[in-house]
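The values are calculated or read from the model by the stated rules, or taken from the named source; none is laboratory data. Remember, it's a predicted structure, so these values are computed and weren't measured experimentally. FYI the Cβ positions are ideal-geometry reconstructions off the backbone, even for glycines, and counts take in every protein chain you see. Side chains included, ligands, DNA and RNA excluded: accessible areas come from the protein's heavy atoms. Shrake-Rupley method; radii C 1.70, N 1.55, O 1.52, S 1.80 Å.
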Amino acid sequence: QVQLVESGGGLGQAGGSLRLSCAASGSQFNFNVMGWYRQAPGKQRELVADISIGGRTNYADFVKGRFTISRDNAKNTIYLQMDSLKPEDTAVYYCNAVAFVYTYWGQGTQVIVSS
């Protein structure tokens with residue numbers, strides 16, 4: 001059974017940094033794409049960034065230049081380095097992984113950015 005386990009959330013300050021990690025286990029295959037989504041209270045879940053198995057990255061406009069996604073295929077782990085945090089980055093961040101036609105989600109990790 002595939003499991004995605006996020007870590008690294010918590011409280012950050014505006015202008016500061018946090019780093020999220022997501023470790024995948026239970027898959028016999030590498031995931032084609034892995035990424036991060038977020039959901040703020042009262043809002044829909046939205047893509048933050050994703051990365052292909054080949055390392056191609058994709059970022060939402062609202063994090064470009066501030067967040068960096070990276071991936072360690074050997075560990076089936078992705079990271080999200082979040083710099084220049086803003087209060088509007090406050091949300092639950094979810095790890096996502098796609099393998100063939102299957103999509104998997106982590107449980108989410110809370111990020112709160114104080115002004």
How many residues are open to solvent by 50 Å² or more (accessible area, probe 1.4 Å) and over 17 Å from Gly12 (Cβ atoms) if we restrict to the range 66-100?
-> 4
Considering the range 70-115 alone, what residues qualify as being closer than 18 Å to Gln1 by Cα and more than 14 Å from the chain's Cα centre (by Cα)?
-> Lys75, Ala99, Phe100, Val101, Tyr102, Thr103
Among the residues of the range 79-94, is there at least one that is acidic (Asp, Glu) and assigned to a strand (DSSP E or B)?
-> no
From (1) loosely packed, with under 13 Cβ neighbours inside 10 Å; (2) under 15 Å from Gly10 (Cα atoms); (3) among the polar types (S, T, N, Q), pick out the condition that doesn't hold for Thr103.
-> (2)
